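Please treat every number below as a calculation from the coordinates, not as lab data. Computed from a predicted structure; not experimentally measured. Here the Cβ is made from the backbone with ideal geometry for all residues, glycine too, and neighbour counts use every protein chain on show.
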Amino acid sequence: MSTHALKALRYESDRSASDEVAKLLSLRNEHVGEDRVADGGLPRNWSRPRLTRLRFQVPLVIAATAFLPGLILRIPDFWEISSWSSASNSFVLVCGCALVALLLFRRLEQFPGISSFAQIAPSVLAGYGLLLATVFVLRLNYSRPFILISAFTCLSLLGGLWFYYRRWSRPTVYLLPDTPEIESTRLRLNRLARPTTELQPNSIVAADLRLELAPNWQRFILNAALAGIPVFDVRALQESITGKVQISHLSENTFGSVLPSLPYQRVKRILDFSFAILALPLVACAICLIAFAIKMDDRGEVFFTQQRIGFRGRPFMMVKFRTMRAADQIADCEIESSMTKDGDVRITRVGQFLRRHRIDELPQVLNILKGEMSWIGPRPEARPLAQFYETQIPFYGYRHVVRPGLAGWAQVNQGHVVEVDAIRDKLNYDFFYIKNFSAWLDVLIAVRTVRILLFGAGAR
């Protein structure tokens, strides 16, 4: 987990954790002087590595992406062969777009599952794509060499920051007694036996804030908070690491925080429709080519429709390319036949390729246009499967509070699953998506989906 993720999580604790912290802060006037001396005083003030701080990263990015290209291009008398307007416009534009790339990079770092360079290139492409759009709309003069060198240095710098985060800025997590273990290979874990002031500068404290803590541990947490050390409820910390929200009974979760943002749902619906309209010409051409391949491979229907459970539990007919033999078409009322298993013999040769690269889902652009689906969201289940899972898994129906999507958080982390135990795990991923419902998470899912489309991971 990055330092930025920990900083963001600090402001996203559960309501119960917030109540506990408020109670602890109320002890401030009760335990002074002698108690603090008895517990060793305040821990040292919390600090982060300098290169993780925004005030250090901004001048570094400006120097690397704006001043460095200018210095490089002075060698071939760049300032003589280029007009002053193109050079100055390029300088101003790359400053703005490099900052956009940096902010996107920092924002995407807050989500779990970031273990590669996958989020860096999209951040740079988004930032410099904004530059090209501005140039096109305003018809500005610009320098292509300047922008190309700037984009390369920005990509290299963010890659260096990513490496720095992973190698030298891992925080130490101090666990209080009776606190559940945290599963993470990216954090240094240290379980405390007694309160101490000898904490590492880049550290956090994790506790089960729903337990009744002993007075000395209450003072320890209070002193840590006063020293600026982040204190998290262990459940919230585990969610940020695993990307899953555990659900076992209603009292464990504050459903007010799990319900998605209604304003973003409206904005997302507009964006879904707009992107679907723009993609429709390309999708139509691809559908014609794939339809021909399906006909040549296995005579039968090109499309396969199946009733799925969608937004707010409403059933709808989802359309996709047929990937199984015509004689093995799935019946809507059969649970067993609705489950696609590893190495399923019913899948055709063309169907294997379409499933591996998720191309069989392409016709669902029509479902997006109709408002039944979104580009990003939990995958809709077949009606018999959804009804079966609701009888086996508590709160399964809560995944329907957002529109289902072509790609989802569970798919990029887990792939295709049908077993009940795996579906429980999938539901935890879906609840993490709903709880953190935002454009940033959608961007991250889209980026990771592109990688799945290219390499075909997790398909059946």
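Return H357, H400 ranked ascending by Cβ neighbour count within 10 Å, so the fewest neighbours appear first.
Least to most surrounded, the residues fall as H357, H400.
In what order do M373, M324, M296 fall by count of nearby beta-carbon atoms within 10 Å, going from fewest to most?
M296, M324, M373
For W162, W375, W409, which order do you get if you count the other beta carbons within 10 Å of each Cβ and list the fewest first?
W162, W375, W409
Would segment 262-455 count as rounded, prolate or oblate if I go by the C-alpha gyration tensor, calling it rounded below 1.5 in a/c and otherwise prolate when a/b exceeds b/c, oblate otherwise?
It is oblate, given that a/c is not under 1.5 and a/b is not larger than b/c.
So how strong a dipole does segment 262-455 carry about its Cα centre when Lys and Arg Cβ are +1 and Asp and Glu Cβ are -1, to the nearest 20 debye?
With only Lys, Arg, Asp and Glu charged at Cβ, the dipole is about 540 debye.
What is the antiparallel percent of DSSP beta bridges lying wholly in segment 262-455, to the nearest 5?
Just about 80 percent of them are antiparallel.
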